[in-house]
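Asks: What follows is a single structure, and I will ask about it in a moment.
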Amino acid sequence: MLAPILEINVADLTRSFGTKLAVAGISFQVYRGELFAFLGPNGAGKTTTINLLTGLLIPDSGEVSYRGELFDPARLAVKQMIGVVPQHNNIDKELTVAENLRVHGVLFGLRGQMLHERINFCLDFADLYAKRHTPAGKLSGGMKRKLVIARALLHQPKILFLDEPTVGLDPHSRRCMWAFLRRINIEQQCTVFLTTHYIEEAESLAQRVMIMDRAKIIASGTPNELKQRVGHYVLDIYEDGNLENEFFIDRTTAMQRLEQLELSVRIRETTLEDVFLQLTGKRIMGDA
Ligand SMILES: Nc1ncnc2c1ncn2[C@@H]1O[C@H](COP(=O)(O)OP(=O)(O)OP(=O)(O)O)[C@@H](O)[C@H]1O
Ligand SMILES: [Mg+2]
């Protein structure tokens, strides 16, 4: 197997707002071609981190490097390499779908035939071609989200940052969005960095997951590695109306324990949510 290529290196990044420490000296790596999920509850510091990584905010200290080069937001070449989908849709509602893409393309230096081709490609790729003359404000929530993503892809970025791409989407639209994100990752060969509150989203989509809580990274690894940390099997033990969990490395040991207990017990496989609960002692808000 080929060694992974470093795409983003984050070293000791810190950012405060007044006395509030939003990002407290975090360090991590993202590798080329991976789909990387950044998980954490409200206020953990995810958006602040994305803003620091994409030049929307300046860090108090620490460094970000892309492909071995120190990130300087003033350099157009780096800006060309990244696409950003912000947490809140910032489309121009009065402009049509195609016009929204055109404005972005011009800002990124695209002109003429090239611009025309990229707009058509992105409309088609995001399944928005039939809506190209519709004012963006009239799209459904899922389509608006896809438009913001199509726009971020217009200048052919190598790395796509998405801040909560599926928030507010119904379960069907969310799964369509997952398929779309996988296509971006594989067909467009884009490294994808996304934040989410939805643990099942991270589990289903990402090769690696990083969990942030209260401005710090508390765990990272493949979903499997994270589960290994607490044990792959869990017993849900109900006693006097309370639910307790016990974790086990393998099913045999879990079964042995289950047989000892005379309480109401269920055995199941550990989920990422269990990992999160074990590591932080709290449930992610908004997760069903
Ligand atoms: N511009 C700002 N001014 C003051 N405080 C801020 C600002 N931006 C973020 N914060 C604070 O920094 C902390 C981290 O916020 P951030 O938006 O990064 O969290 P998040 O993980 O993206 O949360 P959410 O899941 O709700 O989007 C919060 O306490 C927030 O109130
Ligand atoms: Mg956020």
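Asks: Which one of these is in contact (Cβ under 8 Å) with a residue 60 or more places away in the chain, more than 14 Å from the chain's Cα centre (by Cα) and in the same structural domain as GLU200 (by TED's automatic domain parsing): VAL23, VAL10?
Replies: Every option except VAL23 fails the conditions.
Asks: Being surrounded by 21 or more Cβ atoms within 10 Å (Cβ to Cβ) and more than 13 Å from ligand 1 (Cβ to nearest atom) is the filter; apply it to region 154-165 and report the residue that is farthest from the chain's Cα centre (by Cα).
Replies: LEU154
Asks: Here's a check for you: in region 108-125, which residue that is aromatic (Phe, Trp, Tyr) and touching a residue at least 24 places away in the same chain (Cβ under 8 Å) is nearest to ILE82 (Cα to Cα)?
Replies: Residue satisfying both the conditions and the ranking: PHE108.
Asks: Filter region 41-59 down to residues that are near ligand 2 (Cβ under 9 Å from one of its atoms) and at positive phi and give me whichever is nearest to the chain's Cα centre (by Cα).
Replies: Out of the qualifying residues, it is GLY45.
Asks: Something else: Which fully enclosed helices (runs of 4 or more DSSP H) of region 188-269 have 3 or more residues being surrounded by 15 or more Cβ atoms within 10 Å (Cβ to Cβ) and free of Cβ contacts under 8 Å to residues at least 60 places away in the same chain?
Replies: 223-230, 251-260
Asks: Give VAL209, VAL230, VAL167 a once-over and let me know the one that is of a type in the set (A, V, I, L, M, F, W, C) and not assigned by TED's automatic domain parsing to the domain that holds GLY83.
Replies: On inspection, the qualifying residue turns out to be VAL230.
Asks: Oh, and also: Do we have any residue at all in region 60-76 that's buried (at least 21 other Cβ atoms within 10 Å of the Cβ), free of Cβ contacts under 8 Å to residues at least 40 places away in the same chain, assigned to a helix (DSSP H, G or I) and on the phi < 0 side of the Ramachandran plot?
Replies: no
Asks: Regarding region 114-122, can at least one residue be identified that is surrounded by 20 or more Cβ atoms within 10 Å (Cβ to Cβ), closer than 18 Å to ASN89 by Cβ and more than 15 Å from the chain's Cα centre (by Cα)?
Replies: yes
Asks: Quick test of your reading of the structure: LEU56 fulfils all but one of (1) in a loop (DSSP other than H, G, I, E, B); (2) more than 26 Å from LEU226 (Cα to Cα); (3) away from ligand 1 (no atom under 13 Å from the Cβ). Name the failing condition by number.
Replies: Going through (1) in a loop (DSSP other than H, G, I, E, B); (2) more than 26 Å from LEU226 (Cα to Cα); (3) away from ligand 1 (no atom under 13 Å from the Cβ) one by one, LEU56 breaks only (3).
The values are calculated or read from the model by the stated rules, or taken from the named source; none is laboratory data. In this text, all values refer to a predicted model and were calculated from it rather than measured experimentally. Methodologically, a virtual Cβ is constructed for each residue, glycine included, from the backbone with ideal geometry; neighbour enumeration extends over all protein chains shown.
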